[in-house]
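Coordinate-derived values only; no laboratory data. Worth saying up front: this structure is predicted, and the values here are computed from it rather than measured. Cβ sites come from the backbone with ideal geometry, for glycine too, and all protein chains shown count toward neighbours.
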Amino acid sequence: MASRRPREWIIYLLRRTSPFLIPVLILLFFLPSMTLAQVQTRLRVIQASNVGSTIDPSLKDVHGQLGSLFSFTSYRLLKDESLSLSPNRPVELPVHKGRSLELTLMGQRRDSAEIRVKIKGEGTEILNTQVRLSPGRTVLIGGPKHGEGVAILALSARF
């Protein structure tokens, strides 16, 4: 009978702690994947101007948005990058003539990702904003002067 007491004690402990233990184990299982989550981001840099009336064929998916938000006659793709963003780890890309673009994943939820967008040039910040991206949607950001027009950033994400 003495050999059954430790066994009974273990069963008693398991019955008392299992309602708390199971959620903790589930949380520990998913926690590493949540902290290491990455967001696959597509960045396109577009030059918009009123010189000519050419629309780059690779921009057909955002042509309607461009026309409704901006009043330019010509849109040309300058850069198309696919990036993997990790939380609070800035990714910096050279853009044009001493300018760079920095993207930082600030936070992520199931249905959105918050990304800080900075454009730096000649030692100063030209643009510093934060956008919320939903999967499959593209956000357009009007940027600084570029050549005879302006630069427009098109950001989209998959997660």
Subject >> Degrees separating the helix 4-35 axis from the principal Cα axis of the chain, which is the longest one >> reply: 0 degrees
Subject >> Eligible aspartates and glutamates near Lys60 by straight Cα distance, threshold 15 Å, same-chain separation 8 or greater >> reply: Asp80
Subject >> In sequence order, calculated HN-Hα J values of the range 75-80 (Karplus, 6.51, -1.76, 1.60; Hz; x Gly/Pro) >> reply: 9, 10, 6, 9, 8, 9
Subject >> Extreme residue, positive dipole direction of the chain, given options Val150, His96, Ile115 (C-beta unit charges) >> reply: Ile115
Original post:
Once fully extended, how much extra length lies between Thr138 and Asp61, figured as 0.36 nm per residue of separation less the alpha-carbon to alpha-carbon distance?
Top reply: 26.8 nm
Original post:
Can you list the lysines whose alpha carbon sits under 26 Å from that of Lys97, skipping same-chain ones fewer than 8 residues off?
Top reply: Lys79, Lys118, Lys120, Lys145
Original post:
Given the options Leu127, Leu85, Leu69, which has the most mean-square fluctuation in a GNM of the chain, springs set between C-alpha atoms less than 10 angstrom apart?
Top reply: Leu69
Original post:
If you line up the Cα atoms of the range 39-158 on their principal axes, what length do they span on each, largest first, in Å?
Top reply: 41, 34, 19
Subject >> Lys, Arg +1 and Asp, Glu -1 on Cβ, resulting dipole of the chain about Cα centre, debye, nearest 20 >> reply: 880 debye
Subject >> Dipole axis of the chain (+1 Lys, Arg; -1 Asp, Glu on Cβ), positive-most option in Met106, Gly67, Ile46 >> reply: Met106
**OP:** Arrange the following residues from fewest to most other Cβ atoms within 10 Å of their Cβ: Phe159, Phe70, Phe20.
**Re:** Phe20, Phe70, Phe159
**OP:** Would you mind ranking Leu153, Leu105, Leu77 so that the residue whose beta carbon has the fewest other beta carbons within 10 Å leads the list?
**Re:** Leu77, Leu153, Leu105
